[in-house]
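What follows is one structure encoded as structure tokens, with my remarks underneath.
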Amino acid sequence: MSTSPPKLLAGTALIFWGVLTGNALVGLVAAMVVEARSWLGLRWNFSRASYIKAWQFSILCGAFISILAWMNGMKVGKIHTLFVWAPLIMLPLELAQRYGNAAKIPLNTFSFFARKKMEHDLQQGRSISPRMINTGYPYIAVVILATAMASRNELHHFIGLTLVIGFCLYAYMRHGGFRPMAWISAFFLVILLSYLGQWSMFKLYNYYT
């Protein structure tokens, strides 16, 4: 079963993020770049080192945005509000995943110590089998959470969150044999969980701001 999101799902989430955070143009451009891989034949054979560099570049982007915000007067206690830019900060890694030939990337990409352990095992001649992950759905989750951190319109956020998660559920169930009644039941459960999640995120946002 494919572990990558269906076409347009990540793009839809990015547009949703852009509209509700006041960055509609940025969200549209990011969505076009992410979804263009479905229609372009551009693919590269990225090595493990390439994914590590993409992850490190994402970290540098986050640090750069944080420093700029601090220089513009943002207090250290409010630095968590910069999570609204997480979809752009994580974009380099997501693009490496999407435009690479590999369906998944090593999970130890995100851990310096795990990578060092793997290198040590290789030097000792041990057989290794690192856990692999497709960043598609985690990236969409980051986009949704970033939207919740900044959105002021609870109704629009709730509707958008429900549709995006419902789309994810449909894409997942389709691979295992789509059953309408099961999907409808699950979708109503998603609506309930979406409301609780949206309410929790706004409570968290109001607590810190």
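Residue by residue through the range 19-30, which ³J(HN,Hα) values in whole Hz follow from phi under the Karplus form 6.51 cos²θ - 1.76 cosθ + 1.60 (θ = phi - 60°), with glycine and proline marked x?
5, 7, 10, x, 10, 4, 5, 4, x, 5, 5, 4
Local charge sum around TYR99 (other residues, Cβ-Cβ under 10 Å, Lys/Arg +1, Asp/Glu -1)?
+2
Let a ≥ b ≥ c be the square roots of the eigenvalues of the Cα gyration tensor of the range 9-152; is it rounded (a/c under 1.5), or, if not, prolate (a/b larger than b/c) or oblate?
Oblate, because a/c is 1.5 or more while a/b does not exceed b/c.
Suppose R0 equals 25 Å; then what is the FRET efficiency for VAL26 and SER47 from their Cβ-Cβ distance, rounded to the nearest 0.05?
0.25
Quick one: which residues, 5 or more positions from THR3 or on another chain, have an amide H under 5 Å from its amide H? H modelled 1.01 Å from N in the peptide plane, none for Pro or chain starts.
Amide H neighbours of THR3: none.
Hey, can you grab everything whose amide H is under 5 Å from the amide H of GLY100? Only 5+ residues off in sequence or another chain; H modelled, so Pro and N-termini drop out.
Excluding prolines and chain starts, which carry no amide H, the hits are TRP44.
Would you pull out the residues with amide H under 5 Å of MET132's amide H, same chain only if 5 or more places away, H placed 1.01 Å from N?
Here LEU107 satisfy the definition.
Using the Karplus curve 6.51 cos²θ - 1.76 cosθ + 1.60 with θ = phi - 60°, work out ³J(HN,Hα) for each residue of the range 120-136 in order, rounded to whole Hz, and write x for Gly and Pro.
5, 4, 5, 5, 7, x, 7, 7, 10, 9, x, 5, 10, 8, 9, 7, x
Readers should treat all values here as calculations from the given coordinates under stated rules, not as data from a laboratory. What you are looking at is a predicted structure, and each value in this text was computed from that prediction instead of being measured. FYI the Cβ positions are ideal-geometry reconstructions off the backbone, even for glycines, and counts take in every protein chain you see.
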